[in-house]
Amino acid sequence: MSVLPNKQEKVTLDTFMRGLWEENPVFVMLLGLCPVLAVTNSTMNAIAMGLATLFVLVASSTLVSLLRKMIPKQVRIATYIIIIATFVTIVDYVIQAISLDLYNALGAFIQLIVANCVILGRAEAYASKQKVGVSVINAIGMGTGFTIALLCLGTVRELLGAGTILGVQIFSSNFEPWVVMILPPGGFFVLGAWLLLFDYLKQRKEQKLLNAEGAVANGS
Amino acid sequence: MDPNSLTFIFLNAALINNFVLALFLGLCPFLGVSAKKETAWNMGLATMFVMLVSSISAYGINWILVKFEIEFLRLICYIAVIASAVQLVEMTVKKFSPALFRALGIFLPLITTNCAILGLALFQTFREYDFFQSLAFSTGAGVGFTIALMLMAGLREKLELAKLPTVSQGAAMGLMLAGLLSLAFMGFAGLGGSHA
């Protein structure tokens, strides 16, 4: 988070896109891993959790940004936590009203969104310093990045662990499901594998850049 | 074993449903401060202590909330209580044992954002544990957290001696290790607990 600027920013496409790739909360910053691993044993859970986090992130960023001049510096963290907890309580009751099955599947992890460091991190490092518009767009980007990361894990785990995606059978009935993928160790393995893939891609890109520079240097 | 006996609750929280390896709570410190055995041990102790304090406070708060029928304020109250409990613990330790305070250092304030603490308070409320069951639950969770942290730290110290391809160094390898540990801990499921 060292690259975050302290002065006011203009809204650009980058404000939104940063959360998706460059500063992806899960794959790059490794924040908020607890829900990422805990609820991604099916695609549906992953989507619900992602949307719930997105909502809390956007709503709390808006409020923190609006109140940024009124919150005393000494008690800011406590204030942020209370704001976040309020929105999480709302989400908790809304999900309970919409779908009790989903609520039971996600369990305590909806309420644990409070302790998700992505949200507090955004409030402290971004929303408390920027204008409302900018911080909302940034929060949407971050939330979308988080949801995409959850989907990456959820689909792979459900596909390998049960042979389905969103409950629809993908593999033929001969497929022997890897039950371990739905169980806790699978979460660690799949996230580890995604990180390996991204590290590999990054390394290859750097290698290519290096080679290109070398070629230019030789040519001149 | 009777699922409501104190021994079972303790073992369940410490081994069968280990907070870190089976329930994925408190992963940030698990991956963040498990590089050395000594810091892992200190972090484990600090967390165990805060877990005990916040479990007792959460029990009291929940009693009051139920009495006045304002359970919807539970989450806000819990997080506020945990934050102030951590602050209180920090001040007490600083006053009475400066040596311990120096040993714990930065780890104490970090515990506020540890979801294992909030998770503990929420689980004990959902499962309607009485006071002594809550105590057994929080001690078990603390012990389990320390065990997981120490095992991970030991593995990572050994890993430093191994030759790895450059791609897999860092977080990815840590997660793979955690996966193996988690796989090993699944063996405890045979003790009689189900994943809940």
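The values are calculated or read from the model by the stated rules, or taken from the named source; none is laboratory data. As the structure is a prediction and not an experimental result, all values here were calculated from the model. Ideal geometry is used to build each Cβ from the backbone, glycine not excepted, and the neighbour counts take in all protein chains shown.
Show me the helices (runs of 4 or more DSSP H) found entirely inside segment A:1-111 where at least 2 residues are surrounded by fewer than 17 Cβ atoms within 10 Å (Cβ to Cβ).
Answer list for segment A:1-111: A:13-20, A:43-66, A:76-98, A:100-106.
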Handout entry: Answer from B:102, B:156, B:127 - the residue that is within 13 Å of another protein chain (Cβ to nearest Cβ) and not acidic (Asp, Glu)
Key = B:127
Practice task
Please specify each residue of segment B:90-114 satisfying the condition of being within 16 Å of the chain's Cα centre (by Cα) and among the β-branched types (Val, Ile, Thr).
Solution key: B:111, B:112, B:113
Problem - Among (1) within 30 Å of residue A:180 (Cα to Cα); (2) at pLDDT below 80, the one test that residue B:111 misses - result: (1)
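Being of a type in the set (S, T, N, Q), over 16 Å from residue B:29 (Cα atoms) and surrounded by fewer than 21 Cβ atoms within 10 Å (Cβ to Cβ) is the requirement here; does residue B:97 meet it? Even if it seems obvious, please write down each step before you answer.
Numbers: of a type in the set (S, T, N, Q): yes; over 16 Å from residue B:29 (Cα atoms): yes; surrounded by fewer than 21 Cβ atoms within 10 Å (Cβ to Cβ): yes.
Here the answer is yes, as residue B:97 does meet what is asked.
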Exercise for the section: Would you kindly identify the helices (runs of 4 or more DSSP H) lying entirely within segment A:127-220 that contain at least 2 residues that are at negative phi, without any contact (Cβ under 8 Å) to a residue 12 or more places away in the chain and surrounded by fewer than 11 Cβ atoms within 10 Å (Cβ to Cβ)? Expected result: A:184-219
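From the list A:194, A:178, pick out the single residue that is among the aromatic types (Phe, Trp, Tyr) and modelled with pLDDT of 90 or more.
Values: A:178 fails: modelled with pLDDT of 90 or more.
Among A:194, A:178, only A:194 is among the aromatic types (Phe, Trp, Tyr) and modelled with pLDDT of 90 or more.
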Problem - Residue within segment B:59-73 that is under 19 Å from residue B:133 (Cα atoms), in contact (Cβ under 8 Å) with a residue 60 or more places away in the chain and out of contact with any strand residue (DSSP E or B) (no Cβ under 8 Å at 6 or more places or on another chain) present - result: yes
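Which residues, taken from segment B:30-52, are among the aliphatic types (A, V, I, L, M), out of contact with any Lys or Arg (no Cβ under 8 Å at 6 or more places or on another chain) and more than 11 Å from chain A (Cβ to nearest Cβ)?
Of segment B:30-52, the ones among the aliphatic types (A, V, I, L, M) are B:31, B:33, B:35, B:40, B:43, B:45-46, B:48, B:50-52.
Filter once more, so that each one left must be out of contact with any Lys or Arg (no Cβ under 8 Å at 6 or more places or on another chain): B:31, B:33, B:40, B:43, B:45-46, B:48, B:50-52.
If the condition is that a residue be among the aliphatic types (A, V, I, L, M), out of contact with any Lys or Arg (no Cβ under 8 Å at 6 or more places or on another chain) and more than 11 Å from chain A (Cβ to nearest Cβ), then B:33, B:40, B:43, B:45, B:46, B:48, B:50, B:51, B:52 are the ones that fit.
Considering only residues that are in contact (Cβ under 8 Å) with a residue 12 or more places away in the chain and either under 22 Å from the mean Cα position of the chain (by Cα) or surrounded by 18 or more Cβ atoms within 10 Å (Cβ to Cβ) (or both), which ones fall in segment B:158-185?
Narrowing segment B:158-185 to residues in contact (Cβ under 8 Å) with a residue 12 or more places away in the chain: B:159, B:171, B:173-175, B:177-178, B:181-182, B:185.
Within segment B:158-185, B:171, B:173, B:174, B:175, B:177, B:178, B:181, B:182, B:185 meet the criteria.
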Fill in the blank from the handout: Among residues of segment B:14-29 being more than 9 Å from every other protein chain (Cβ to nearest Cβ) and in a helix (DSSP H, G or I), the residue nearest to residue B:178 (Cα to Cα) is B:29
Practice task
Report whether or not residue A:77 is at pLDDT 85 or above and not small (Gly, Ala, Ser).
Solution key: no
Problem - Test: residue A:72 is free of Cβ contacts under 8 Å to residues at least 40 places away in the same chain and away from chain B (no Cβ under 11 Å) - result: yes
Exercise for the section: Being more than 18 Å from the chain's Cα centre (by Cα) and of a type in the set (D, E, K, R) is the filter; apply it to segment B:37-75 and report the residue that is nearest to residue B:157 (Cα to Cα). Expected result: B:74
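Which one of B:137, B:188, B:126 is among the hydrophobic types (A, V, I, L, M, F, W, C), buried (at least 21 other Cβ atoms within 10 Å of the Cβ) and touching a helix residue (DSSP H, G or I) at 6+ places or on another chain (Cβ under 7 Å)?
Details: B:188 fails: buried (at least 21 other Cβ atoms within 10 Å of the Cβ); B:126 fails: buried (at least 21 other Cβ atoms within 10 Å of the Cβ).
Answer to the check: B:137.
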Practice task
Please specify each residue of segment B:128-152 satisfying the condition of being without any contact (Cβ under 8 Å) to a residue 24 or more places away in the chain and under 20 Å from residue B:42 (Cβ atoms).
Solution key: none
Handout entry: Of all residues making up segment A:87-104, the number that are among the polar types (S, T, N, Q) and either within 22 Å of residue A:62 (Cβ to Cβ) or at pLDDT 90 or above (or both)
Key = 2
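The rows are residues; the columns are (1) touching a Lys or Arg at 6+ places or on another chain (Cβ under 8 Å); (2) more than 29 Å from residue A:89 (Cβ to Cβ).
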| position | (1), (2) |
| --- | --- |
| B:78 | no, no |
| B:81 | no, no |
| B:86 | no, no |
| B:90 | no, no |
| B:98 | no, yes |
| B:101 | yes, yes |
| B:108 | no, no |
| B:119 | no, no |
Handout entry: Residue within segment B:71-82 that is more than 13 Å from chain A (Cβ to nearest Cβ) and either of a type in the set (S, T, N, Q) or in a helix (DSSP H, G or I) (or both) present
Key = no
Completion exercise
With criteria (1) under 20 Å from residue B:21 (Cβ atoms); (2) surrounded by fewer than 19 Cβ atoms within 10 Å (Cβ to Cβ); (3) in contact with a Ser or Thr (Cβ under 9 Å, 6 or more places away or on another chain); (4) not β-branched (Val, Ile, Thr), residue B:145 comes up short on (2)
Exercise for the section: Restrict the check to segment A:52-61 and report whether at least one residue is in contact (Cβ under 8 Å) with a residue 40 or more places away in the chain, over 28 Å from residue B:85 (Cα atoms), more than 14 Å from every other protein chain (Cβ to nearest Cβ) and hydroxyl-bearing (Ser, Thr, Tyr). Expected result: no
